[in-house]
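Let me begin by presenting the structure, written as structure tokens, before commenting on it.
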Amino acid sequence: MAARVRALETILTQKGLIDPAAIDVIVDTYETKVGPRNGARVVARAWSDPAYADWLRQDATAAIASLGFTGRQGEHMQAAFNTDETHNLVVCTLCSCYPWSVLGLPPVWYKAPPYRSRAVIDPRGVLEEFGLTLPKDKKVRVWDSTAELRYLVVPQRPAGTEGWSEDDLAGLVTRDSMIGTGVALEPEAA
Ligand code: FE
């Protein structure tokens, strides 16, 4: 795959269709400047501000953009709120669609065929492998990302965080908790 990508990039460069320097800037942006910290800020705001949480529920694209997180692969967003009754899990069964603007680049396992197929066939089994055992009576809802629509899971706010600042709350929000393969950290972990 790496060789194919290199070959494709070489041909496109030779034809003058792409500028390698511009590609480097895009890769650097998503590797070092955009990442799960963005999504953690969105979740922490939703935990702290009920009006923002409502906005996020109704128009995630606008609510997320209001914090400055816009751009490629984040043009159309939907938030999936975990509750006592329902746990949400995000996958792209077709390829690797992922909300770059809030989570950065996807982890390797997210793009791998085993995760993509098994997340829909056996979500509880997949979650067990991530170390997450859900109560039997909790529903698991799986969201299949597409090129048009990307999902952000809003994990439940951990108990014992009353009065915490948004900055401190954001520190509890892991990348995996926003994909649904994890939950937010407990206060002791911060
Ligand atoms: Fe995809």
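The simple spin-label model puts a point 7 Å past each Cα toward its Cβ; for residue 62 and residue 122 those points are separated by 4.3 nm. Electrostatic tally near residue 116: other residues with Cβ closer than 13 Å to its Cβ, Lys and Arg +1, Asp and Glu -1, net 0. Unpaired Cys in the chain, meaning no second Cys C-beta under 4.7 Å: 95. Can you give the Kirkwood hydrodynamic radius of segment 1-62 from its Cα pairs, in Å with one decimal? Here the Kirkwood hydrodynamic radius works out to 14.7 Å. Protection proxy ranking for 6-13, 82-89, using the average of other Cβ atoms within 10 Å per residue and placing the highest first: 82-89, 6-13. For the chain, taking the reciprocal of the average inverse distance between every pair of different Cα atoms yields a Kirkwood hydrodynamic radius of 17.6 Å.
Read the figures in this text as sums done on the coordinates, not as results from a lab. The shown structure was predicted, so the numbers you read here are calculated from the model rather than taken from an experiment. Positions of Cβ are backbone-derived with ideal geometry, glycine not excepted, and every protein chain shown enters the neighbour counts.
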